[in-house]
Amino acid sequence: MEIRSRSDLYRYRLFVFDLDDTIYREEDYLLQGYDAVSRHLSGKTGCGSSDYIFDRLVTLFREQGRHKLFDTLLEELDCDKSLVASCVDVLRTFRVKKKLEMCPEVAGLLQELKGRNKKVYILTNGNPVQQRNKISNINWGNMTGYPVTVFADELSPKPSPAGIEQILLQSGIKETDTILIGDSEVDMQCAANAGIAFINVTSVPLH
């Protein structure tokens, strides 16, 4: 069904949201995480000041993305490569200085869905420890505990339909009454594999 309005969207009974760059901006988490990693590394001999390390981390992130980011940084700083594991651990478990804010449009939609007693789940790829940490650091307002979260990596990562299948089983709702809201090709393929509807978060109608 083509979704042209909120009334079209509200025909669904079950809403499954991606997490990163759908409910909130993942970069807001990562940059605070890189600050925590920088402070962690600054205490290690020869790695430099936390400000310098942070600047290099952000620059490398912008240039090459996250793949082997800490490996590249430590090689550049001529620091012990074994520190990669502790950097990853810091990124997965640090506490944010500033709570992660939901994207305003999504926050409003979640409020409306809650008011309409719709079932809402989050289905997220990624390391479950890190994803749980992100969720615990989001400012949920009065919606704390409302979206039930399924961690796809504990089953089979998207685009596998395994997470959707578990959500359908838990909720008791049919595929035809379910929609996935996400931001990526992986999300769209996951929905297709599970036989449910999909809409990109940027295309959700405002009215």
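Using a 1.4 Å probe, what is the accessible area per residue for the chain, in Å²?
50 Å²
Between 74, 30, 110, which gets the highest mean-square fluctuation from a Gaussian network model of the chain, Cα cutoff 10 Å?
Taking springs between Cα atoms under 10 Å, the residue moving most is 74.
So how tilted is helix 84-93 from the main axis of the chain? Cα-based, degrees 0 to 90, rounded to 10.
For 84-93 against the chain, the angle is about 40 degrees.
Going toward the positive end of the dipole of segment 1-101, with +1 on Lys and Arg Cβ and -1 on Asp and Glu Cβ, which of 32, 100, 16 do you reach last?
Highest projection toward the positive end goes to 16.
Pick from 133, 193, 117: which is most flexible by mean-square fluctuation in a GNM of the chain where alpha carbon atoms under 10 Å apart are linked?
117
Show which aspartates and glutamates lie in cross-link reach of residue 174 when reach means a straight Cα distance below 12 angstrom and same-chain residues fewer than eight apart are skipped.
Straight-distance partners of residue 174: 165.
Run the accessible area of the chain with a 1.4 Å probe and give the carbon-and-sulfur part as a rounded percent.
Carbon and sulfur atoms account for 48 percent of the accessible area of the chain.
Going Cα to Cα from residue 68, which lysines come in below 24 Å? Please leave out same-chain ones fewer than 8 positions away.
Partners found: 44, 81, 134, 158.
Would you mind working out the magnitude of the charge dipole of segment 1-115 relative to its Cα centre, with +1 at each Lys and Arg C-beta and -1 at each Asp and Glu C-beta, to the nearest 20 Debye?
Computed charge dipole of segment 1-115: roughly 500 debye.
Please work out the FRET efficiency for the pair residue 42 and residue 155, using the Cβ-Cβ distance as r and a Förster radius of 35 Å; give the result to the nearest 0.05.
Calculated transfer efficiency: 0.35.
I need to check one value: relative contact order of segment 29-122, counting alpha carbon pairs closer than 8 Å and at least 6 residues apart, in percent.
Result for segment 29-122 is 28 percent.
Once you sort the root eigenvalues of the Cα gyration tensor of segment 9-90 as a ≥ b ≥ c, which label holds: rounded (a/c under 1.5), prolate (a/b larger than b/c) or oblate (the other case)?
prolate
What's the extension gain from residue 142 to residue 52 if we count 0.36 nm per residue and subtract their Cα-Cα distance?
28.5 nm
Measure nothing but the geometry: give the 0 to 90° angle between the long axis through the Cα atoms of 50-64 and the longest principal axis through the Cα atoms of the chain, rounded to 10°.
50 degrees
How many nm is it between the label spots at residue 68 and residue 186, if each spot is 7 Å from the Cα in line with the beta carbon?
2.0 nm
Relative to the longest principal axis of the chain, what angle (0 to 90°, nearest 10) does the C-alpha long axis of helix 162-171 take?
Helix 162-171 sits at roughly 50 degrees to that axis.
So what is the relative contact order of the chain, in percent, for Cα pairs below 8 Å that sit 6 or more residues apart?
27 percent
Using a 10 angstrom cutoff on alpha carbons, build the Gaussian network for the chain and name the most mobile of 32, 64, 131.
For the chain, modelled as a Gaussian network with Cα springs under 10 Å, the answer is 64.
If R0 is 30 Å, what FRET efficiency do you get for residue 129 and residue 175 from their C-beta distance, rounded to 0.05?
0.45
Under the rule a/c < 1.5 gives rounded, and otherwise a/b versus b/c splits prolate from oblate, where does segment 82-207 land using the Cα gyration tensor?
Because a/c hits 1.5 or more and a/b fails to exceed b/c, segment 82-207 counts as oblate.
Taking the Cα centre of the chain as origin, work out the dipole magnitude from +1 charges on Lys and Arg Cβ and -1 charges on Asp and Glu Cβ, in debye rounded to 20.
Result for the chain is approximately 840 debye, rounded to the nearest 20.
The values are calculated or read from the model by the stated rules, or taken from the named source; none is laboratory data. Since this is a predicted model, take the numbers as computed values, not measurements. So basically every Cβ, Gly included, is an ideal-geometry build from the backbone, and we count neighbours across all protein chains shown. SASA here: full protein model, heavy atoms, side chains in, ligands and nucleic acids out. Shrake-Rupley method; radii C 1.70, N 1.55, O 1.52, S 1.80 Å.
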